[in-house]
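Only the coordinates and a few stated rules stand behind these numbers; no lab work does. All figures in this text were calculated on a predicted structure; none of them were measured in a lab. Cβ coordinates were reconstructed from backbone atoms using ideal geometry, including for glycine residues, and neighbour counts include every protein chain displayed.
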Amino acid sequence: MMEDLAMHIIEILMNSIAAGASKILLKIKNSIKEDIIEISVEDNGKGMNEETAKKAASPFSTSRKTRKIGMGLAFLKGLCDSCNGIFEISSEEGIGTKVKASIQKSHIDTPELGDIGEICMSSIQANEDLDFTLEYNNDKESFIFSSNEIKKELDGVSLIEPEILLWIKDYINQGIKQAEEDNV
Ligand SMILES: Nc1ncnc2c1ncn2[C@@H]1O[C@H](COP(=O)(O)OP(=O)(O)OP(=O)(O)O)[C@@H](O)[C@H]1O
Ligand SMILES: [Mg+2]
């Protein structure tokens, strides 16, 4: 299986954007000590009622109109099941949704993290006004990216200028790389 965790996470981020979120917090904990990779996406989108949230991770549950199956959550749940992990959704209508996946880092089926900078960039590109935060932690280091902080620094320049988007992607990937290098 060639897909990496970033490919799973982008599905969850795009769900948040589709749900009209103006604010998204992506947390990634990558811990050797605890042997865990924990990913959570928290949004302030339209949320789901209890029944929808309960069924959301089934492949046959979707609010899509174009086809009858929705796979984003089902795939992530499947990954958790095969990597000794835990998958959780909590959601409140009109308030927002939190999706959390914890998997065993050393499990043989646990994929690579992949290009986190790229998927953060894609989320910002999908909604220029999005208040997007990434919190990355390992055992020793923590790296935080906030689109609102960058916006302040840029003083009116749009985040979805191509050079800015590419800078964001590199900045995030550098931050994660640095945190990993310092975690030995
Ligand atoms: N963050 C969210 N906020 C509100 N509803 C959500 C959220 N994430 C998922 N849902 C609901 O759960 C359903 C299933 O999501 P899932 O990602 O599995 O499939 P999909 O988005 O419908 O289709 P696909 O991901 O395959 O394009 C969605 O159709 C939507 O109704
Ligand atoms: Mg989806």
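The table below lists the values:
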{"quantity": "Dipole magnitude of the chain, debye to nearest 20 (Cβ charges: Lys/Arg +1, Asp/Glu -1, about Cα centre)", "calculated": "840 debye"}
{"quantity": "Amide H partners (placed H, <5 Å) of residue 131, local residues excluded", "calculated": "23, 24"}
{"quantity": "Theoretical FRET efficiency, 1/(1+(r/R0)^6), r = Cβ-Cβ of residue 69 and residue 27, R0 30 Å, to 0.05", "calculated": "0.60"}
{"quantity": "Sum of side-chain charges, residue 24 neighbourhood, beta-carbon under 12 Å (Lys, Arg +1; Asp, Glu -1)", "calculated": "-2"}
{"quantity": "Sum of side-chain charges, residue 128 neighbourhood, beta-carbon under 13 Å (Lys, Arg +1; Asp, Glu -1)", "calculated": "-2"}
{"quantity": "Nitroxide proxy distance, nm - points 7 Å out along Cα→Cβ at residue 160 and residue 50", "calculated": "3.9 nm"}
{"quantity": "Peptide ranges 57-68, 152-163, 82-93 listed from the most packed, as the mean C-beta count within 10 angstrom indicates", "calculated": "82-93, 57-68, 152-163"}
{"quantity": "Top positive-direction residue, dipole computed over the chain with Cβ charges, set 99, 117, 144", "calculated": "99"}
{"quantity": "Percent breakdown of C-alpha pair distances by 5 Å bin, ordered from the shortest bin, for the chain", "calculated": "1, 8, 16, 20, 20, 16, 11, 6, 2, 0"}
{"quantity": "Fewest-first sequence of 80, 120 by Cβ atoms within 10 Å of each Cβ", "calculated": "80, 120"}
{"quantity": "Local electrostatic count at residue 91 - Lys and Arg +1, Asp and Glu -1, tallied over other residues with Cβ under 11 Å", "calculated": "-4"}
{"quantity": "Cβ-Cβ FRET estimate between residue 92 and residue 177, R0 fixed at 41 Å, reported to 0.05", "calculated": "0.70"}
{"quantity": "Shape category assigned to the range 46-136 from the gyration tensor of Cα positions, a/c cut at 1.5", "calculated": "oblate"}
{"quantity": "Karplus-derived HN-Hα couplings along the range 126-141 (A = 6.51, B = -1.76, C = 1.60, θ = phi - 60°), whole Hz, x at Gly and Pro", "calculated": "6, 8, 4, 8, 4, 8, 10, 10, 10, 10, 10, 10, 10, 6, 10, 10"}
{"quantity": "Under 20 Å from the residue 128 label point (7 Å along Cα→beta-carbon), backbone N, the range 139-167", "calculated": "146-167"}
{"quantity": "Cα-based Lys pair tally, the range 42-163, threshold under 15 Å, eight or more apart or on separate chains", "calculated": "9"}
